[in-house]
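These notes are about the structure you will find just below.
What follows draws every value from the coordinates through simple rules; no lab data is involved. It should be emphasised that the depicted structure is a prediction, and the values quoted were computed from it without experimental measurement. All Cβ positions, even for glycine, are placed from backbone atoms using ideal geometry, and neighbour counts span all protein chains on display.
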Amino acid sequence: MPTDDLRLAEQYKAIIHADFDAFYASVEQRDYPELNGKPVVVGGKPENRGVVASASYEARTFGIRSAIPMSRAYRLCPQLVRRPARFEIYRSVSSKVMDIFRSITPLVESLSLDEAYLDVTECETSEITPPLIAQALRKRVWDELSLTISVGVSTSKCVSKIASDMNKPDGITVVRPGTERQFLSPLPVQSIWGIGPKTMERLNSYGINTIGELAIRDISWFESNFGSNGRSVRNMCLGEDPRPVITHRQRKSFSSETTLVDDSEDPEILREIVIRLSNDVGVSLSSRGVRGKTVKLKLRSSDFVTVTRQRSVTEPVQLSSEIADIAIDLLSQELNQKNSYRLIGVGVSGFDSLENSQDAMQLRLEGF
Ligand code: DCP
Ligand code: MG
Ligand code: MG
């Protein structure tokens, strides 16, 4: 691997995206060495309609992936070893890895328990280049936690996230400044953040399969196909993503959104999704000891019209159920529009001053 990559800090940012390999399953293999080398999954029992949360790389050779039904996983691989999830342990591992990340740079943005962006622009010297920092990071995680992470190194969040997935497990992918477009060009369109299965199908029907084929369209094409997101989708296709790494302390809101596999107008389906998203946001808030006064619901209809509805309450919310109650109420008010929706998001903002309290400080020191 070249070591002089990205040594252009004055011009470029240096962003690392790090993600544990088969996170839950790897923690199980680490803690129960008899599972090493075996097809292992973490998830609920097949008889309880459980799904696979995480599959070891050995299990993946049988076609087993996250989110497939457990019963199907057993059909694909009868000798599969299933372990129930141990969330407390995963939370504690996550907290430790985030501490390792923060010992390298304070500019760490955690995306979930198992992944984060690090802005290492300022860590760079003539000897210490971003790829070397990334290698040192991988070694420290292995030495201290006996787990592997895969990392992507580039000038932006979008490219680094895609890159970290390219050489999994236990891999590193470096995309040098100026080669982002070339790197992205052969990849399928759904690698771009925000392009879900439905949009992918639509693009494929236009004969657009790769990011390169998408990138040559002009801005007006993007605007008519992606609405207000047109410009940022186009920029991402070109490898340009100016979004900064945002640490927890700088954050003004937490949100979660999803593009539906199939557009839906079914109130039950939409409510279920809102509950799931509220849960994501609730976990983010609770684990950081943050409460917020404003709950926001975002809906994008099939014809790409996006509306946001929000409500502020006097008593700040933190629990998933509190967030869901408000978000579902906001959703109910929109349902009479008889629209079909393609994207739903839930967010909480308006944080109280817990940030400065002793509890919040403790949580911050513990990571999350
Ligand atoms: N997870 C889950 N349900 C999903 C996807 C993920 O519960 N549908 C949980 C279990 C994963 C963890 O989140 O271990 C991290 O998700 P990743 O997408 O990073 O997947 P893995 O770390 O398991 O595998 P990979 O090596 O592809 O990153
Ligand atoms: Mg992972
Ligand atoms: Mg992940």
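Against the 2.2 N^0.38 Å scaling, with N counting residues, where does segment 99-143 land? I'd like the Cα-based Rg ratio to two decimal places.
Working: Rg = 10.5 Å, N = 45, 2.2 N^0.38 = 9.3 Å.
Cα-based Rg divided by the globular estimate yields 1.12.
Under a Cβ-Cβ cut-off of 12 Å, what is the net charge of the residues other than Leu335 that fall near it, where Lys and Arg count +1 and Asp and Glu count -1?
With Lys, Arg at +1 and Asp, Glu at -1, the net is -2.
Checking the a/c ratio against 1.5 first, then a/b against b/c, what shape does the Cα gyration tensor give for segment 107-214?
prolate
Just the number, please: percent antiparallel of the DSSP beta bridges in the chain, rounded to the nearest 5. Write out the running numbers ahead of the final one.
Details: 45 of 51 bridges.
So the antiparallel bridges amount to about 90 percent of the total.
Would the chain count as rounded, prolate or oblate if I go by the C-alpha gyration tensor, calling it rounded below 1.5 in a/c and otherwise prolate when a/b exceeds b/c, oblate otherwise?
rounded
Lysines within cross-link reach of Lys298: Cα-Cα under 22 Å, excluding same-chain residues under 8 positions apart?
Straight-distance partners of Lys298: Lys198, Lys252, Lys338.
State whether segment 131-283 is rounded, prolate or oblate according to the following rule on the C-alpha gyration tensor (a ≥ b ≥ c being the square roots of its eigenvalues): a/c under 1.5 gives rounded; otherwise a/b larger than b/c gives prolate, and the remaining case gives oblate.
Here segment 131-283 falls in the oblate category.
Would you mind checking the radius of gyration and Dmax of segment 120-173 based on alpha-carbon positions, in Å?
Answer for segment 120-173, Rg first and Dmax second: 11.3, 30 Å.
How much net charge surrounds Val295 when only the other residues with a Cβ under 10 Å from the Cβ of Val295 are counted, with Lys and Arg +1 and Asp and Glu -1?
So the surrounding residues net to +1.
Quick check on the exposure proxy: order His248, His17 from fewest to most C-beta atoms within 10 angstrom. Write down the numbers at each step before the final one.
Working: His248 19, His17 29.
Fewest-to-most Cβ neighbours within 10 Å comes out as His248, His17.
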